[in-house]
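Data first, discussion second: the structure below is written as structure tokens.
The values are calculated or read from the model by the stated rules, or taken from the named source; none is laboratory data. Here the structure is a predicted model, which means the values were calculated and not measured. Cβ coordinates were reconstructed from backbone atoms using ideal geometry, including for glycine residues, and neighbour counts include every protein chain displayed. Note: accessible area is taken over every heavy atom of the protein model, side chains too, but ligands, DNA and RNA are not part of it. Shrake-Rupley method; radii C 1.70, N 1.55, O 1.52, S 1.80 Å.
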Amino acid sequence: MVHLKLSLVALTISTAICVGAFAGNSPTTQDSTLLPKIGEPFATEYKKSEYGVSRCMLTPVLESDRMTVALSTDRVFAAGDVFVAVGSDIIDSTAMFPVRDALMKRAAEESIQVKIRRAGKEITVTAKCTDAKVFYDLLLEAGFAASKNDAAGCSDKLRGAASLHALNFSPMHLAFQCGRLAGRIVGPTDQAKAYYEVYEQLIRESQWSADALNRNRGTILTAVDALRKGNAAFLADDLKQQFDQALTAKTQTTASLGDAR
Amino acid sequence: MNRIAASILLVLLAGCASTAGYEAVLQTWLGDSSDHLVSSWGVPQQVYRQSGGGTVLQYSRSGQIVLPGMTTYQAQTSYTSGSVAAVGSNGNMINGTYDGTATTYVPHTSDPTVIATRCVTRFTADASGRITNWSWEGNSCRAVAPKKTSVVAAVPVQPVSYKKCTADQLRHSDC
């Protein structure tokens, strides 16, 4: 049920992302509408009042379950950590945004105790918050710029956002499209690499469950195909391999849990 | 005549290679690193360091195409004439004359034609080593356009004019 809700929330943005990915193959006919299609859902989402509140944000990029760390740029958190509690607030895994809900109660510059589950053990770490509003303001302004077909403005805003916090898949995808249309990502080599990194991130964010990976199978395979057609076979093979490995790992985990039961 | 033949031959030799194809090859390097260029094209013949920290890498290649001389056959006609005398069956002397022509064809080969080829290509890289521009000159800067296509082709974006708003203005519909 929670996953269904998450899927609905992400629907508009992910739809735009799919449009964007395919539009990349026929840029001359669709480039004029590509950015507005991706940017408008961004602007709509980040206009919401909850993003305009100054509050705590931690460094990790979360997987699409909104509880598992996909990657972290600090040494406090590590990929695979699962949030258990923020201070005395137990993370409600049935909520749509469990970690965000808990962090909403914390001030922007606070240091907080976070309980995480790492390799099966629960540990408590101390983490320093940054202001979420500054970051989300930039995402909103980037989305707005994209909605007006301002690739350079969008690219600048997302660069600023990325300097504050690692981007997750959706902003990364927008950053890629704005960057290439603004002439910031040029040349087949750089474009292929940037494109690859976007979809590598999608795998990273989906690897918390086999279902999540399978939901994104079509998108990933489309990206693999695009890379192959772009003469980036090495990156295409690597992306496919990462997807297969993540799926195998998660399928084996699920199977072993089933056996244990 | 030889020049025309040479030009035709050059075109034939070039196949699908063209200056447009060469430019398409150069275009793929825009945004790439000069290190990558050097690893692919080799060490440039000349490097010029610009005052702003950028560099110009110059690749030159020259050569020559030698077209063998053309062989033509020139007709040489020789004329012969004379008189003959013979004793007839009656013992009388008979005098007569004769004349005729003979044509032979003598091969004549012209000097070989030497065509000098030259292609100078310059890449400009910015201070970070990123290739930002290219140029070429010469008569042999030709290549087959690469089949390599980018994942998504870069398309110039038209300048945008709109009222830029802050996030707070957007959230409060003040824009």
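For the reader, a short list of remarks on this structure follows.
Conditions (1) within 14 Å of chain B (Cβ to nearest Cβ); (2) at positive phi; (3) open to solvent by 10 Å² or more (accessible area, probe 1.4 Å), marked per residue:
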residue	(1), (2), (3)
A:K148	yes, no, yes
A:H165	no, no, yes
A:L174	yes, no, no
A:C178	yes, no, no
A:E197	yes, no, yes
A:Q201	no, no, no
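- Boolean, A:F83 is part of a loop (DSSP other than H, G, I, E, B), more than 14 Å from every other protein chain (Cβ to nearest Cβ) and either touching an Asp or Glu at 6+ places or on another chain (Cβ under 6 Å) or surrounded by 20 or more Cβ atoms within 10 Å (Cβ to Cβ) (or both): no
- For the range A:182-202, the tally of residues that are part of a helix (DSSP H, G or I) and either of a type outside the set (V, I, T) or modelled with pLDDT under 90 (or both) stands at 14.
- Restricting the range B:120-135 to residues that are over 14 Å from B:V38 (Cβ atoms) and over 25 Å from the mean Cα position of the chain (by Cα) leaves a set whose member that is most open to solvent (accessible area, probe 1.4 Å) is B:S128.
- Comparison of B:T166, B:T149, B:T117 shows that the only residue that is surrounded by 10 or more Cβ atoms within 10 Å (Cβ to Cβ), within 14 Å of chain A (Cβ to nearest Cβ) and modelled with pLDDT of 80 or more is B:T166.
- Selection status of B:D126, touching a strand residue (DSSP E or B) at 6+ places or on another chain (Cβ under 9 Å), within 14 Å of chain A (Cβ to nearest Cβ) and modelled with pLDDT of 85 or more: yes
- Test: A:E205 is open to solvent by 30 Å² or more (accessible area, probe 1.4 Å), modelled with pLDDT of 90 or more, in a helix (DSSP H, G or I) and of a type in the set (D, E): no
- Condition check for A:D92: more than 20 Å from A:S206 (Cβ to Cβ) and among the acidic types (D, E): yes
- When restricted to residues that are within 12 Å of another protein chain (Cβ to nearest Cβ) and in contact (Cβ under 8 Å) with a residue 40 or more places away in the chain, the range A:45-67 contains 8.
- Test for A:T253: is it more than 20 Å from the chain's Cα centre (by Cα), modelled with pLDDT of 90 or more, assigned to a helix (DSSP H, G or I) and closer than 24 Å to A:V82 by Cβ: no
- Hits in the range A:204-223 - residues which are in contact with an Asp or Glu (Cβ under 8 Å, 6 or more places away or on another chain) and not charged (D, E, K, R): A:S206, A:Q207, A:W208, A:S209, A:A212
- Criterion (under 22 Å from A:P60 (Cβ atoms) and open to solvent by 30 Å² or more (accessible area, probe 1.4 Å)) met by exactly one of A:D211, A:D190: A:D211
- The listed residue being modelled with pLDDT of 90 or more, basic (K, R) and out of contact with any strand residue (DSSP E or B) (no Cβ under 6 Å at 6 or more places or on another chain), out of A:K5, A:K105: A:K105
- The strands (runs of 3 or more DSSP E) found entirely in the range B:35-91 that carry 1 or more residues being surrounded by 13 or more Cβ atoms within 10 Å (Cβ to Cβ) and at pLDDT below 80 are B:55-67.
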